[in-house]
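J.: Please find one structure pasted underneath; my questions will follow.
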There are 2 protein chains.
Amino acid sequence: MASKPSIPKGTRDFSPAEVAKRNYIISIMRHHFEKFGYQPIETPSFENSDTLMGKYGEEGDRLIFKILNSGDYLDKVPAEQLQSINYKQLTNKISEKALRYDLTVPFARYVVQHQSEIEFPFKRYQIQPVWRADRPQKGRFREFYQCDADVVGSKSLWQEVELVQLYDSVFADLGLHGVTIKINNRKVLSGIAEVIGASDKLIDFTVALDKLDKIGEDGVKKEMLEKGISDEALVKVQPLFNFTGTIQEKLEKLTRLLSSSEEGKKGVEELRFICDNVTKLGLQKAILDLDVTLARGLNYYTGAIFEVTGPKEVAMGSIGGGGRYDDLTGIFGLKDMSGVGISFGLDRIYLVLEELNLFPETVTTATKVLFLNFGESQTFEAMKAITTLRNKNIKSEMYPDAAKIDKQFKHAERRGIPFVVKEIDGSNFTLKDIQTGEQLQLNLDNFIKKLS
Amino acid sequence: MASKPSIPKGTRDFSPAEVAKRNYIISIMRHHFEKFGYQPIETPSFENSDTLMGKYGEEGDRLIFKILNSGDYLDKVPAEQLQSINYKQLTNKISEKALRYDLTVPFARYVVQHQSEIEFPFKRYQIQPVWRADRPQKGRFREFYQCDADVVGSKSLWQEVELVQLYDSVFADLGLHGVTIKINNRKVLSGIAEVIGASDKLIDFTVALDKLDKIGEDGVKKEMLEKGISDEALVKVQPLFNFTGTIQEKLEKLTRLLSSSEEGKKGVEELRFICDNVTKLGLQKAILDLDVTLARGLNYYTGAIFEVTGPKEVAMGSIGGGGRYDDLTGIFGLKDMSGVGISFGLDRIYLVLEELNLFPETVTTATKVLFLNFGESQTFEAMKAITTLRNKNIKSEMYPDAAKIDKQFKHAERRGIPFVVKEIDGSNFTLKDIQTGEQLQLNLDNFIKKLS
């Protein structure tokens, strides 16, 4: 192979510093997931194709990575068939497995498959990569991690309360200020559509409303009119275009707007329960806000809808989202299993922390001290000390070869190792602080104390 | 979908308890890898096919999972070609990516691709899944984790010394007694083949010798004769069939046997350096042994060869292995990059710990206390206490629905939650220990103390 090797587009190598930072975020998520009673599961990277296909719409089906059957996969495809076959038909014949596209469908499959072993309500979290054959672009990858916490088997709104607290806990621990947790409710959106006589246009209506941030009031109205929503309806929804105030004030406005819709009133009641309790219990750092334009994944969600945005000074969009879905496992034949869950956007959270310089320095300092190598005479003494240090959990290394001392110093510098041992004289160690240049002669006990 | 969903053969779902136990092993490995100065990297799950194909022999190529190109992958394959094409030719046309088969080739690719950013010697570890289209059987899966630590860019034998210590550290921390780290050297095997005049039959010779455990002395000799190794050679090699004694004694025997082979003598010298230093530095729990029949991956290794076996009371075979390879990155055009590495067999280590009951109980206890749910009147007070407990890092939950108390108790029992809160009376909590039945009335402070 003459040319320099590369990796498939849309995938990434992670360097030691990047892995350390990613693991820092993941370990904080794990910690809080478990504190809230969520338990980890893991599912296979590939599923049977029929588990995944047809679950994400036509576009989703197209973006699922299919795996070729192993062995002679053409064995059972007659040559004459091959002439006229199209690629979709061929795929069905030569591929039975596909890489998972998200963690939700595999979770639903898991719950149905293992229902007899699971103790419900089942609070699970899952942090694993997923794959999508999307066109790669800035911030969009073909392989990326999803970090999901869901609970299935209970309709209690306390779950929603708790998930807001969970978001707050994780982002507070990551040191992120200015995080906004936006909440809405599918029933409120349905109620509005009902009240304005556009129930049959719920999707068009919410898709347009969702764009308020981007295209403004006039743009949204124009789109709604184009979709056949009446002038009269637009007058009725006017309050939504200037939907400001406290959560309480917003709930009052919605109550007035939705007084004639049973479903709408139910939605307001749910929002009130969640917001009231979250407020009374208090959040550490995040701000809860009611955003009636929020509609993400509407086809999917049946109750609460969540979306989290990062601090305003970093233009990153959503760093998390979720909601309640009343029929998660129905696709696999298990009815009446309501679920609610949230997701954390690892890649975006990473970028936000990076931009705000919020990764603790200790995350990426690996080795604490490098013993310089002066050749065989001292190497054994060095390794003896290193063995002792490591038993005390002090990360230490010896430069493996008797290279030029200058080169060895540079190695410590480039790797960000703060101390080197320049000399071992009997039981004394000459320790040099690379940054300050300070030198100390220490016996082993004091050496250990200095580095602990 | 009427039938119960399933997963592809050879893959596994991991339950919460299984994930907790796997993560326990992985976190101990990580800890020691980093203590020894190894840094984590991660590479994509799939690589360009030409990165992987041809690197693992014909059998390996067959076992690599190939990914179908996305979109209309038949677009560029003329229909008339399809009639006469065989599956291997078609694979080249419709698949450009493949799931990684191990972590070594992606690591070599990583080193070459990022050589200008890497500070050598580069000590890296990598813990990620790999995929092989092997026939699934007991203990052999199509998706499994590899856990590798390698160092490239130094020929120093101190690396080998350190890797033996690393094995010992990890297994000692896992509480495993009776682990044997077996060591051999490719140069010793070559030397023996040279001395007995069978250099051209090195592979046949070592493959046969490697079976000594299984088929005994007579079986090995029979196989060697069949492969054309002479009677005379077998006489010379007789000492190997009764190769007992201390490491020192074995080294003496090898020195005598290999006195006429330069390569053999070099191998003995390397073994002596490694074994002497490991012995002088001391191991915590593991036993180092020189096993001259050890030949795993011979085509690959050029110096030291390692294999680790677990305690004798568990018949599990090898739980780790590794060795030195002098030309890791040559396949990608970067010459003279010597490496040495070891691998931990996660699945087998898991089974050994399970069989010996060595997983600490705390690994799988998630939630500490469950607040029973008596309906709306007390739920807010319960959630208030839970919020406080969680802020003190005490894992606590409320049963989300006001179900029958009996059902709620059973939920705690089945999930292994040790305590329930039966009642909240003002500032007093009635705590019940599920196992002993003991009840305590505690205020919040004492409650927190009790559970901390």
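The values are calculated or read from the model by the stated rules, or taken from the named source; none is laboratory data. The model shown is predicted, which means the values in this text are computed figures rather than measured ones. With ideal geometry, Cβ positions are generated from the backbone for all residues, glycine too; neighbour counts draw on all protein chains shown.
J.: Identify all residues within the stretch A:362-388 that are among the hydroxyl-bearing types (Ser, Thr, Tyr) and either without any contact (Cβ under 8 Å) to a residue 40 or more places away in the chain or farther than 30 Å from A:Asn23 by Cα (or both); write none if there are none.
T.: A:Thr362, A:Ser377, A:Thr379, A:Thr387
J.: May I pose another question? Could you list, ordered by first residue, the pairs with Cβ atoms under 6 Å in which the first is in the stretch A:191-216 and closer than 22 Å to A:Glu262 by Cβ and the second is outside any loop (DSSP other than H, G, I, E, B) and among the charged types (D, E, K, R), at least 6 apart or interchain?
T.: A:Gly191/A:Glu263; A:Ile196/A:Lys236
J.: Just the residues that are surrounded by 23 or more Cβ atoms within 10 Å (Cβ to Cβ) and over 28 Å from B:Arg390 (Cα atoms), please, taken from the stretch A:302-330.
T.: A:Leu328, A:Thr329
J.: Can A:Val179 be described as within 14 Å of another protein chain (Cβ to nearest Cβ) and either over 30 Å from B:His411 (Cα atoms) or not small (Gly, Ala, Ser) (or both)?
T.: Against the criterion (within 14 Å of another protein chain (Cβ to nearest Cβ) and either over 30 Å from B:His411 (Cα atoms) or not small (Gly, Ala, Ser) (or both)), A:Val179 does not qualify.
J.: Follow-up. If you take the residues of the stretch A:124-161 that are within 8 Å of chain B (Cβ to nearest Cβ) and among the charged types (D, E, K, R), which of them is surrounded by the fewest Cβ atoms within 10 Å (Cβ to Cβ)?
T.: Looking at residues that are within 8 Å of chain B (Cβ to nearest Cβ) and among the charged types (D, E, K, R), I get A:Lys155.
J.: If you don't mind, there's one more thing I want to ask. What residue, among those in the stretch B:86-112 that are within 26 Å of B:Leu166 (Cβ to Cβ) and at the interface with another protein chain (Cβ under 9 Å from one of its Cβ atoms), is nearest to the chain's Cα centre (by Cα)?
T.: Looking at the filtered set, the residue picked out is B:Pro106.
J.: Only one of A:Phe273, A:Phe344, A:Phe306 is farther than 30 Å from A:Arg109 by Cα, at pLDDT 95 or above and in the same structural domain as A:His177 (by TED's automatic domain parsing). Can you tell me which?
T.: Result: A:Phe273 is the single residue among A:Phe273, A:Phe344, A:Phe306 that is farther than 30 Å from A:Arg109 by Cα, at pLDDT 95 or above and in the same structural domain as A:His177 (by TED's automatic domain parsing).
J.: Still on this structure: Check B:Thr430 against each of (1) at pLDDT below 95; (2) over 23 Å from A:His31 (Cβ atoms) and name the one condition it does not meet.
T.: (1)
J.: Only one of (1) within 26 Å of A:Val278 (Cα to Cα); (2) out of contact with any strand residue (DSSP E or B) (no Cβ under 7 Å at 6 or more places or on another chain); (3) free of Cβ contacts under 8 Å to residues at least 60 places away in the same chain fails for B:Phe429. Which number is that?
T.: (2)
J.: Which ones in the stretch B:153-201 are polar (S, T, N, Q) and either in a helix (DSSP H, G or I) or touching a Lys or Arg at 6+ places or on another chain (Cβ under 7 Å) (or both)?
T.: B:Gln159, B:Gln165, B:Ser169, B:Ser190, B:Ser199
J.: Just to be sure I understand, how many residues within the stretch B:342-367 are facing chain A (nearest Cβ under 10 Å) and not polar (S, T, N, Q)?
T.: Going through the stretch B:342-367 one residue at a time, the tally reaches 1.
J.: I need a count of the residues in the stretch B:121-137 that are assigned to a loop (DSSP other than H, G, I, E, B) and touching a strand residue (DSSP E or B) at 6+ places or on another chain (Cβ under 7 Å).
T.: 2
J.: Right, next: Restricting the first residue to the stretch B:172-189 and requiring it to be within 13 Å of B:Leu353 (Cβ to Cβ), which pairs with a second residue that is of a type in the set (Ser, Thr, Tyr) and surrounded by fewer than 20 Cβ atoms within 10 Å (Cβ to Cβ) meet a Cβ separation below 7 Å and a spacing of at least six or different chains?
T.: Pairs found: none.
J.: Return a yes/no flag: does the stretch B:47-63 have any residue that is surrounded by fewer than 18 Cβ atoms within 10 Å (Cβ to Cβ), more than 7 Å from chain A (Cβ to nearest Cβ), free of Cβ contacts under 8 Å to residues at least 60 places away in the same chain and at positive phi.
T.: Among the residues of the stretch B:47-63, at least one is surrounded by fewer than 18 Cβ atoms within 10 Å (Cβ to Cβ), more than 7 Å from chain A (Cβ to nearest Cβ), free of Cβ contacts under 8 Å to residues at least 60 places away in the same chain and at positive phi, which makes the answer yes.
J.: Same structure again: Condition (residue is part of a loop (DSSP other than H, G, I, E, B), under 23 Å from the mean Cα position of the chain (by Cα) and either under 23 Å from A:Ile181 (Cβ atoms) or aromatic (Phe, Trp, Tyr) (or both)) applied to the stretch A:366-385: is it met by at least one residue?
T.: no
J.: May I ask you to list the residues in the stretch B:196-215 that are more than 28 Å from the chain's Cα centre (by Cα) and surrounded by 18 or more Cβ atoms within 10 Å (Cβ to Cβ)?
T.: Result: B:Ile196, B:Ala198, B:Lys201, B:Leu202, B:Phe205.
J.: Another one. Taking into account only those residues within the stretch B:368-386 that are buried (at least 18 other Cβ atoms within 10 Å of the Cβ) and polar (S, T, N, Q), which is nearest to the other protein chains (Cβ to nearest Cβ)?
T.: B:Thr379
J.: Can I ask one more? Please name all residue pairs, on different chains or six or more residues apart, with Cβ atoms under 9 Å, provided the first residue is in the stretch A:389-411 and is more than 8 Å from chain B (Cβ to nearest Cβ) and charged (D, E, K, R) and the second residue is part of a loop (DSSP other than H, G, I, E, B) and surrounded by 17 or more Cβ atoms within 10 Å (Cβ to Cβ).
T.: Close Cβ pairs satisfying both conditions: A:Lys407/A:Tyr399.
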